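Report on one structure; see the data block that follows.
Nothing in this text is a laboratory measurement; each read-out follows from the coordinates by a stated rule. Worth saying up front: this structure is predicted, and the values here are computed from it rather than measured. Heads up, the Cβs are rebuilt from the backbone with ideal geometry, glycines too, and the neighbour counts pull from every protein chain shown.
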Amino acid sequence: LEGCTSLEELPKDMKRMKSLILLNMRGCTSLQFLPHMNLISMKTLILTNCSSLEKFRVISDNLETLHLDGTAIGQLPTNMVKLQRLIVLNLKDCKMLRAVPKCLGKLKVLQELVLSGCSKLKIFPIPIENMKC
């Protein structure tokens, strides 16, 4: 779905795609939200430059790589704690992001957290024990 600039929402039938491993919606600039779904096989979700996306919803507990860079999200949901397999979280240039929730500190395998360009970020309460510098 990369570059589908007119796409405002995902089809509701997508929740049936239980074998989907990667979803690339890079540059879907009109995408406003993600529907409630649990795509159990998904490991990689790319929402890079989905500039109208203001709220992120966890759509798979099995994510390993999550790219939210260039989105308009102001905060991350507290249920991010469910992402116990998450290795990479890219939040670069999330200019509306104000805080990083404490629950990210509970993501034991998280190795890479990108926060450059998050100009409104004021709260970063978590100790990063497992990350590589």
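Remarks
- Relative contact order for the chain: 17 percent, from Cα pairs under 8 Å spaced at least 6 residues apart, divided by residue count.
- Descending by average beta-carbon neighbour count within 10 Å, the peptides 106-112, 67-73, 118-124 line up as 67-73, 106-112, 118-124, the highest first.
- Per-residue 3J(HN,Hα) values for region 89-103, derived from phi via the Karplus relation 6.51 cos²θ - 1.76 cosθ + 1.60 with θ = phi - 60°, read 10, 9, 10, 4, 6, 7, 5, 9, 5, 9, 8, 10, x, 4, 4 Hz in sequence order (x marks Gly and Pro).
- Annotation for Glu8 and Arg98: the two label points, set 7 Å from Cα along the Cα-Cβ direction, are 2.7 nm apart.
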